[in-house]
Amino acid sequence: MSWRPQYRSSKFRNVYGKVANREHCFDGIPITKNVHDNHFCAVNARFLAIVTESSGGGSFLVIPLEQTGRIEPNYPKVCGHQGNVLDIKWNPFIDNIIASCSEDTSEANCKNHRVNRVVFLGSTKRLLTTGVSRWNTRQIALWDQEDLSMPLIEEEIDGLSGLLFPFYDADTHMLYLAGKGDGNIRYYEISTEKPYLSYLMEFRSPAPQKGLGVMPKHGLDVSACEVFRFYKLVTLKGLIEPISMIVPRRSDSYQEDIYPMTPGTEPALTPDEWLGGINRDPVLMSLKEGYKKSSKMVFKAPIREKKSVVVNGIDLLENVPPRTENELLRMFFRQQDEIRRLKEELAQKDIRIRQLQLELKNLRNSPKNC
């Protein structure tokens, strides 16, 4: 069953992606050339971690988010694996703890020659899977957790070969689809009623992505109405490129409708409680504390000494060009009068100069008085 996109009203209809400026990217990083279907990147509110290309074992970089720009070739790496690093993940509650795993000698057999991905869609009791159809096209499917016999909907995306990475935002109910080797990111809105999946927009970029890291909610810029942020790995350029997904809003106040209470940085269970089988909802937090009202900065040029040439009450150096034909005619006649007056004044000065020259000559020729 093929699902066709149905458009409906949504406050996220005009969400757009904004790529960070080059000076706010991370440049000069030897990104791994491993072909495994992982992201090779992990982000939290303080650090960015990237799996790097190395010989004699696996390694990865850990870079503070504020240290943007070009990374030095001798930047220290985390080296603790004998094999290639396959994946890295940050602790969701402690920012300075990271876990990494590498390849070993074990083997795994898969029924399908393509890797599938599944993501839980929060409290909607739905699952979304990405895979390949019988016609060898990429597709997604939406499932009911209580009835997995048949998908609710299926949608064919395109005929490209890269793995589709699904990302779900439980706060906005938005689903992002990014293909490995693609330059675009599609996003949809999930609902519990038909049509269940509504296409919103697509972010396009010419640079292909090897993987994507995602910033946790508490690390977003809520004052800019940022609802999601990717960190895109561009292997060809050795570049990590932040991409912010922004909801356009005119008001500069805190937007509570797009920032509900979200899981915070405090764990709901201790390790012993979790091992004991206790289940508890996550501890929620508000993002309003991170809101910073944008200050309207006024930049003033340095004050210089003002020079003016005023004639008949008109500053000739700051004369505004005429906007209408009548203003042009008035200015023309005014300038003609001014030219005529200046010519008369110049003629009078010439006469005065000749008179003075004649008097000076007479004084020189007259006999000297004793």
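The values are calculated or read from the model by the stated rules, or taken from the named source; none is laboratory data. The structure displayed is predicted, hence computed values, not measured ones. Methodologically, a virtual Cβ is constructed for each residue, glycine included, from the backbone with ideal geometry; neighbour enumeration extends over all protein chains shown.
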Can you confirm whether residue 300 is loosely packed, with under 10 Cβ neighbours inside 10 Å, at pLDDT below 60, within 30 Å of residue 225 (Cβ to Cβ) and of a type in the set (D, E, K, R)? yes
For residue 40, the lone unmet condition from (1) modelled with pLDDT of 85 or more; (2) over 24 Å from residue 174 (Cα atoms) is (2)
The number of residues in segment 47-65 that are at pLDDT 90 or above and either charged (D, E, K, R) or at positive phi (or both) is 0
Sole miss for residue 352 among (1) at pLDDT below 80; (2) surrounded by 10 or more Cβ atoms within 10 Å (Cβ to Cβ) is condition (1)
Considering residues that are of a type outside the set (Val, Ile, Thr) and either modelled with pLDDT under 90 or closer than 19 Å to residue 263 by Cα (or both), the number found within segment 166-178 is 8
Note on residue 150: of the conditions (1) surrounded by 20 or more Cβ atoms within 10 Å (Cβ to Cβ); (2) free of Cβ contacts under 8 Å to residues at least 12 places away in the same chain, unmet is (1)
Of those in segment 224-270 that are of a type in the set (Gly, Ala, Ser) and farther than 23 Å from residue 200 by Cβ, the residue surrounded by the fewest Cβ atoms within 10 Å (Cβ to Cβ) is 253
Might you let me know whether segment 231-250 holds any residue that is in contact with a Pro (Cβ under 7 Å, 6 or more places away or on another chain) and either among the aromatic types (Phe, Trp, Tyr) or at pLDDT 90 or above (or both)?
yes
How many residues of segment 146-172 are farther than 16 Å from residue 116 by Cβ, touching a Ser or Thr at 6+ places or on another chain (Cβ under 9 Å) and not in a strand (DSSP E or B)? The answer is 3
Going through (1) touching a residue at least 24 places away in the same chain (Cβ under 8 Å); (2) farther than 23 Å from residue 194 by Cβ; (3) not polar (S, T, N, Q) one by one, residue 135 fails only at (1)
